[in-house]
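Only the coordinates and a few stated rules stand behind these numbers; no lab work does. What you see is a predicted model; the values in this text were computed from it and never measured. Virtual Cβ from ideal backbone geometry, glycine too; neighbours counted across all protein chains shown.
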Amino acid sequence: MQRPGAALTEDEILITRFQGGDDEAFDRLMAIHTDKIFALAWGVLQNREDAIDATQEVFIKLHSALDKFPAANNLNAWLYRVCLNHCIDRKRRAKWTSPQLSDEDWERLRGPESNEPEYQACQSETGRIIRNAVDKLPERQRLVFILRHYKLLSIKEIGEAIGCTQGAVKAHLSRATARVRDELRGTDIYQSSEVE
């Protein structure tokens, strides 16, 4: 059902079309969302094959749920939440330990925006130092930090994605930022206040 006075988003149009029998609408939804879900899965699992499997599982779940999915719901938040839950469950089952992300992993996490100035900065020595500090964060803080600063989600979107209040997201983000700053003390980065 359309919200009064609001234009339909592309997701809403595609969900409605799929619910009306247009199977190609699902393919389009996948094309829109696959890269960001894969990047999130890779950011959590830190393994390419596991991230591919997790991404496929998320879209299998979406396909099953889409017939009754309210078109006006936030599909992006739903996908992030399902992906995070799947990845966290997978890590628990595997008694996973956290390796550091490689430069290639970070490039994939940033997505296809390779021409953006932020992406170029991420490839510099400064970016490597910051990434090493982020790798040392506790899991929940690392997720919030990555979702906010690398995936550029709003506080509200992060809360919906990880299933906590906006206040909790802000607390995790504040702690994560403080820890990253502590890791960067004594470096040129700290002097230039690049992490805020």
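Miscellaneous remarks
- When the C-alpha to C-alpha distance is required to be over 30 Å, the pairs from 68/170; 36/68; 36/136 that qualify are 68/170.
- HN-Hα J in Hz across the range 179-184 - Karplus 6.51, -1.76, 1.60, θ = phi - 60°, x for Gly and Pro: 5, 5, 4, 4, 5, 8
- Taking every Cα-Cα distance in the range 10-94 and sorting them into 5 Å bins from zero, the calculated P(r) comes out as 3, 16, 28, 23, 15, 10, 5, 1 percent.
- Per-residue HN-Hα couplings for the range 65-82 [Karplus 6.51, -1.76, 1.60; θ = phi - 60°; Hz; x = Gly/Pro]: 8, 5, 4, 10, 6, x, 4, 7, 5, 7, 4, 4, 5, 4, 5, 4, 5, 4
- Each label was represented as a point 7 Å from its Cα along the Cα-to-Cβ direction; for residue 152 and residue 8 these points are 2.7 nm apart.
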